[in-house]
Amino acid sequence: MTFVIYVCREPNNIRMKFAFCLVTFMFFLAFGQTASGRGNIKNEPDSVYLFSYGTNGLRFAWSRDKNEWTSIGDGYSYVKSDYGRWGSQKRMVAPYLIQGRKNHWECVWQLNEETLQFAHAGSKDLLSWGPQSYPYLKKGKNVLRPIITYHKTTDSYLIVYTDASNKYFSTTTKDFKSYTAAVSVTASSYKNLSKTVMVAGVKTQGQLHRVPWATVNGLTKNFEINQYKGLQNAESSKDDEHRFGNLKNLTASLILQPERAKPISTMLTGVFFEDINYAADGGLYAELVQNRDFEYLPRDKTFRDDKWNSQHSWKLNGNGTAFTIDSVKPVHPNTPHYAVLDVKAPGATLSNSGFDGISVKKGEAYDFSAFIKSLDGNGGQMEVRLVSAKSGILVAAKVDIPSHEWTAVKVNLVAAAAADDVTLELLPLQTGRVALDLISLFPNQTFNGRKNGLRQDLAHAIADIHPKFVRFPGGCVAHGDGIANMYNWKESIGPLASRKGDRNLWGYHQSKGLGYFEYFQFCEDIGAAPVPVIAAGVPCQNSGTGGGGQQGGIPMSEMGSYIQDIIDLVEYANGDPATTWGRIRAEAGHPKPFNLKYIGIGNEDQITEVFRERFTLIYKALRKAHPEITIIGTAGPFFEGTDYEEGWKIGSALNVPVLDEHYYQSPGWFINNQDYYDRYDRTKSKVYLGEYAASLPGGNKTNWETSLAEALYMTTLERNGDVVAMASYAPLLAKEGHTQWNPDLMYFNNSEVKFTTGYYIQKLYGQNAGDKYIPASLTLSEQQENVRKRLAYSVVTDSKTGDMIVKIVNLLPVTVTTTLNLAGFNIEGARVFKTTLSAKPRDKEVTQVVKEFAATAKPEMELPAYSFTLLRFKTDK
Ligand code: AHR
């Protein structure tokens, strides 16, 4: 009954609140105690009929007499298929459910109309489901309407299916891991026991079961709890006017308890960089020419854009010249395509407008370079110029066209004026056939002056967060859309012409100009630990079907060389220049090690048997070869559910030091789950919250409410900094006009960075980290739970500076006058820097006020409505 009382305090809409509480209360009154033991409830049936059915989800209805059916949770779905790409590919067709060995539930279903695979998942209670598997079969055209039966005598399961030619096949299994080879069977072997009943007025096909009432009770309760959580997650400041209509300004007192201080991770705030939303090419990577190597291919867009080919972004202006693509004797076989200009009459230009126009600054230098050769031996010259659509030619220079052999040419261009609408133009000055490749225009000024470096403003914006680590090169990008698309670090290093660009799973092309060397270099430049993430031998769980996609996994026979690549990565990063890979790093200009300490294996994978086998192999081999490396495993894409549970099981069994968790949730979720890590077992793996963000429904960008919800949750990360080792908001960057994923921390165009309000939160946390957490007790003048949970605090000290940092989040619509009791701290002479960020919840901009004052033993301050306050007590240690 405690649960019901709690519910009645929570819901956010007054009417819904009352209705929900009433329904829940009635429900628990009626059935609430049946799960824990019988006795109090009269007229409760011993057992009932359960009907399982569904399309795109396994659903249930129950009946006492097989005539009148009550749908459970109004058709709520208890299992969803996880096979195939996000969205419409994830289908569950004709689920077939039975009870098998020891009454364990086993469900099989059809995946689609093409695949020679079916799906299986099992459960002991219909609520918590084990990993899904999608066994491959070799008989038939496809797998349609599979059915399953359990055979006690052989203790095995028989799965029979039909196919597009109306033939029948069967396979058997004892453990749902290995299956006998499928064989042809007669139609009479297909004993489909499905029945048709009326559920909610609709004729529905499914399977009939007899179950104890507790099973139905459990399903209903599970639905109700999920409904309740849904209401909590939907809590929004939009309802604050009603929710806190009578709330007056509050007072609070925070008493620190230094005697309970505990050490916390010094790596808590980091960043996660992924080449999503054009974050790399066209973004952080400073190259200004798009498709510089003519390697854009139709498959980058899975043939969705017929203009997406090797000539993409290039245009021939004028007559007398032909522009074609060739691949005979390229600069490097890894980038086989190059441009050929066949000039019959000079005058035409080949132009590239970069990523939505090239942006240049007045008086700044730009380095032009290209590989050129004359195909007919005529040689000659080519004019290179930067031309603004509005202002005309900003700069022009000539380069020689060398005869016969590919030759790297370079020229420095200084822009005469600033412009955002610039194209790079190439004008051969004589007739002849010229081949061109790797045509590049780089700002001479890159972040930290690195060659092949990064865009200054974006790199500075990241550096300003003071991230303690950078996770790269991505999540989904790292494990790829199918095996062939997994990110291969070896293809991202070395001379640019040798780097193998690839289809980016986010629907464009990744040149890998920003590759592992540049990532390591950037980490070093900003003092962050590099955290490369490598696929766990399986591609993204949302990979398209076919082509070894989904969780097909690298064949076990190839895992040896795959693992060697990972071991080689450690040598590349840390090895002596005398070693094979250490030498390659040294030759690239970095003889000193990059000090790699962490490697992530896997990214929010579907935790299947295929995953487990491969992850275990990699983990054991890497740990043996490099015990000094901290390996980060993965616990699926959500904060709960099958992958999360299975991921943690594997992590615990193997003693994986850190597990990567991801969750993108509503502000309401973050407000209502502040105890998420308080409950974690301190003896198990540590946590890396590798991807998180608070977002609004409908794919909206962030606002001050989402940022405050994150700030509030981050106080809990600091409080649990003994178990949470690292955290990074995601995604980091998004280019305007090329954003596949919202929200992101920073948006940008070619000349500007646009910070979200969440960016300032990340920056304040990153710049004000500590290594010790100081518990405190908070007394608030109002004890109501929904008021209390909207005020959060965290106090840390930093042993390097001796400073103490207090962070307080006020997500309430009223001012909270707060007194800090610092007894036990020697703050005499300390200066206090107080930073306050405040705005209205739906604002996209936030006001920051910084004040400095002398510390007192009991400072008092006003926390404005919807604000984040940070106090830094500087001790000048
Ligand atoms: O952060 C964007 C994507 O979210 C990542 O690629 C993936 O890991 C997650 O699904």
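The values are calculated or read from the model by the stated rules, or taken from the named source; none is laboratory data. Not measured: the values here are computed from a predicted model. Note that we place each Cβ from the backbone using ideal geometry, even for glycine, and neighbour counts take in every protein chain shown. Side chains included, ligands, DNA and RNA excluded: accessible areas come from the protein's heavy atoms. Shrake-Rupley method; radii C 1.70, N 1.55, O 1.52, S 1.80 Å.
Between ARG788 and LYS624, the simple label model (points 7 Å from Cα in the Cβ direction) yields a spacing of 5.3 nm. Taking a ≥ b ≥ c as the square roots of the eigenvalues of the Cα gyration tensor, the range 47-212 is classed as prolate, since a/c reaches at least 1.5 and a/b is larger than b/c. Hand me the trypsin sites (Lys or Arg not before Pro) from the range 271-363 located in a DSSP loop with no more than 14 other Cβ atoms within 10 Å, in residue order please. Of the trypsin sites (Lys or Arg not before Pro), the ones in loops of the range 271-363 whose Cβ has at most 14 other Cβ atoms within 10 Å are ARG304, LYS307, LYS344, LYS361, LYS362. On the principal axes of its alpha-carbon atoms, the range 718-877 has extents of 53, 39, 33 Å, going from largest to smallest. Just check the chain against the gyration tensor rule for me: Cα atoms, a ≥ b ≥ c as the square roots of the eigenvalues, rounded for a/c under 1.5, and otherwise prolate or oblate depending on whether a/b exceeds b/c. Verdict is oblate for the chain. For the range 47-212, a simple Cβ point-charge model (Lys and Arg +1, Asp and Glu -1, everything else neutral) yields a dipole of about 240 debye relative to the Cα centre.
Per residue, the accessible area of the range 598-653 comes to 37 Å² when a 1.4 Å probe rolls over the protein heavy atoms. A simple charge model with +1 on the Cβ of Lys and Arg, -1 on the Cβ of Asp and Glu and nothing else charged puts the dipole of the chain at about 1800 debye relative to its Cα centre. In the range 726-750, which residues have a backbone nitrogen under 11 Å from the label point lying 7 Å from ASP420's Cα in the Cα-to-Cβ direction? 749-750, by backbone N distance to the label point. Here the range 304-376 has an Rg and Dmax of 14.5, 41 Å, counting Cα atoms alone.
Relative to its residue count, the range 440-512 spans a Cα convex hull of 125 Å³ per residue.
For the range 47-212, with every protein chain kept in place, what is the accessible area per residue (1.4 Å probe, Å²)?
For the range 47-212, the per-residue accessible area is 49 Å².
With r as the distance between the Cβ atoms of TYR190 and ARG101 and R0 = 22 Å, compute the FRET efficiency 1/(1 + (r/R0)^6) and round to 0.05. Taking R0 as 22 Å, the efficiency between ARG101 and TYR190 is 0.50. Counting only protein heavy atoms, what percent of the accessible surface of the chain is carbon or sulfur at a 1.4 Å probe? The C+S portion of the solvent-accessible surface of the chain is 52 percent.
Judged by the mean number of other Cβ atoms found within 10 Å, the most tightly packed of the peptides 178-190, 595-607, 448-460 leads the ranking 595-607, 448-460, 178-190. Farthest towards the positive end of the charge dipole of the chain, among the residues SER498, HIS738, GLN456, is the Cα of HIS738, using unit charges on the Cβ of Lys, Arg, Asp and Glu.
Need one word for the range 672-778: rounded, prolate or oblate. Basis is the Cα gyration tensor (sqrt eigenvalues a ≥ b ≥ c); a/c below 1.5 gives rounded, then a/b vs b/c decides.
Here the range 672-778 falls in the prolate category.
On the beta carbon distance between GLN740 and ALA200, with R0 = 51 Å, the FRET formula returns roughly 0.85. Using a 7 Å offset from the Cα along the Cα-to-Cβ direction at both SER777 and ASN655, what is the distance between the two label points in nm, to one decimal? The modelled label-to-label distance comes out at 4.0 nm.
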